[in-house]
Structures are given as structure tokens and as C-alpha cells.
Amino acid sequence: MLDITKLLQSSISIDRQMTEQKDILLGPEARQINAMTTLDVELAKLYQLSHWNEVWHDQEAENLTELTRQFVKVIFWLLLFSAQKQWTHLVVMTPADYEHIKQLPSQSKVADQDKLYLAIKNFLYGAYFEHRQADFKHAWHLLLKLGLVDLKLDDQKIMISFVEWQAALLKR
């Protein structure tokens, strides 16, 4: 199981350290805009790496390491946004809820995969533009499903990749 609390705390810590290290001066609204914009871009990169939208692409085994690294970036920005909005209570879940997500059926049809991606984006936009917490929670759960079920990413490898990515960021 992902240690969501640890990921959340690390995301907040990384953001503070990088903000101080780079002497970044952004107000709260600008920080939320930046987090949401970067989340959107990183989610698009993840989707592109999955090749789901490429109907002519051979569905051979994808590079799980690369997908895991990109998934880490997406969850980082989503968790950071949750902290900025003070919605961290929406990302924490019980082990039963987490296992429920992992037991959901995988999307195998291109149209369903595309709908999943668009649904995540739609919910994120509803959370940002309409301040709907329920939309944010739905986006978070769908994102977890995308990574853990549909892309078949490993919980422990996500945690390890997150720590490695964090260390690399802080060395810059």
C-alpha cells in the first residue's frame, strides 16, 4: 500500500525546500495555479507515455520504470495542490478503500482509457475552477486506479521512485 501520508508530507517538504532554495516568491493563488498547471502537464505526459491514445500502437510491455517515474510526478503535484487548498483530508484513505481501488477492473478499450483520462482532467478542473472538493477526491481515486490498476504500477516501486526523485530534486 502506498504510504499516502508520507508522500503528502514529503511533497510539502520538497516544495518548501525548493521554494527557499530557488528564492521563489509566489502568492497562494499563483502557487495553486502553478501546481494545477504543472499537474495537468505531467498528467498529459503520463498519458502520452502509456500510448493509450495511439490506436495504432502495439501494446507491448511498456517501460514500467519510466511510467512509475512519471506517475510519481503526477501524484506529487496533486498532493501539493491538496495541501495548498487545505484538502489533505481528501487524499488520505483507509486500507479498505485503497484495496477497493486496486480491485477495480482494468480499462482495456481505447475509448474507455481515453474517457478515464478525460474524467480525471474534468474532475481536476472542477476542483480548481469550481472549488469542488468532491471532484478533487474523484480525480485522486481515478488517478490511483489509473496507476495501480490500468498501468499496473507497483506500490513499493512508486514509493522508492518518489524518494529517488525527491533526492534528485534537492541536489539541483
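The values are calculated or read from the model by the stated rules, or taken from the named source; none is laboratory data. Computed from a predicted model, the values in this text were never measured in an experiment. Ideal geometry is used to build each Cβ from the backbone, glycine not excepted, and the neighbour counts take in all protein chains shown. What goes into the accessible areas is simple: the full protein's heavy atoms, side chains included, and nothing from ligands, DNA or RNA. Shrake-Rupley method; radii C 1.70, N 1.55, O 1.52, S 1.80 Å.
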Open item on the list: Among the residues of the stretch 84-96, what is the count of those that are in contact with a helix residue (DSSP H, G or I) (Cβ under 9 Å, 6 or more places away or on another chain) and either farther than 30 Å from N34 by Cα or open to solvent by 90 Å² or more (accessible area, probe 1.4 Å) (or both)?
Closed with: 1
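For every residue, the table says whether it meets (1) open to solvent by less than 70 Å² (accessible area, probe 1.4 Å); (2) within 22 Å of R132 (Cβ to Cβ).
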| site | (1), (2) |
| --- | --- |
| G27 | yes, no |
| H51 | yes, no |
| N63 | no, no |
| Q70 | yes, no |
| V74 | yes, yes |
| L78 | yes, yes |
| E99 | no, no |
| S108 | no, no |
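The rows are residues; the columns are (1) charged (D, E, K, R); (2) touching a residue at least 24 places away in the same chain (Cβ under 8 Å); (3) assigned to a helix (DSSP H, G or I).
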{"residue": "I101", "(1), (2), (3)": "no, yes, yes"}
{"residue": "S108", "(1), (2), (3)": "no, no, no"}
{"residue": "L118", "(1), (2), (3)": "no, no, yes"}
{"residue": "F123", "(1), (2), (3)": "no, no, yes"}
- [ ] Within the stretch 136-149, identify whether any single residue is over 13 Å from the mean Cα position of the chain (by Cα) and surrounded by 19 or more Cβ atoms within 10 Å (Cβ to Cβ), and answer yes or no.
- [x] no
Open item on the list: When you check A111 against the structure, is it closer than 17 Å to A44 by Cα and modelled with pLDDT of 95 or more, yes or no?
Closed with: no
TODO: Return yes when L124 is more than 18 Å from T5 (Cβ to Cβ) and open to solvent by less than 60 Å² (accessible area, probe 1.4 Å) and no when it is not.
DONE: yes
Task: Single residue of K6, K45, K22 found to be of a type in the set (K, R) and free of Cβ contacts under 8 Å to residues at least 24 places away in the same chain - done: K22
Task: Candidate set: the stretch 1-22, residues that are within 16 Å of R172 (Cα to Cα) and either touching a helix residue (DSSP H, G or I) at 6+ places or on another chain (Cβ under 7 Å) or at pLDDT 85 or above (or both); chosen: the one least open to solvent (accessible area, probe 1.4 Å) - done: I14
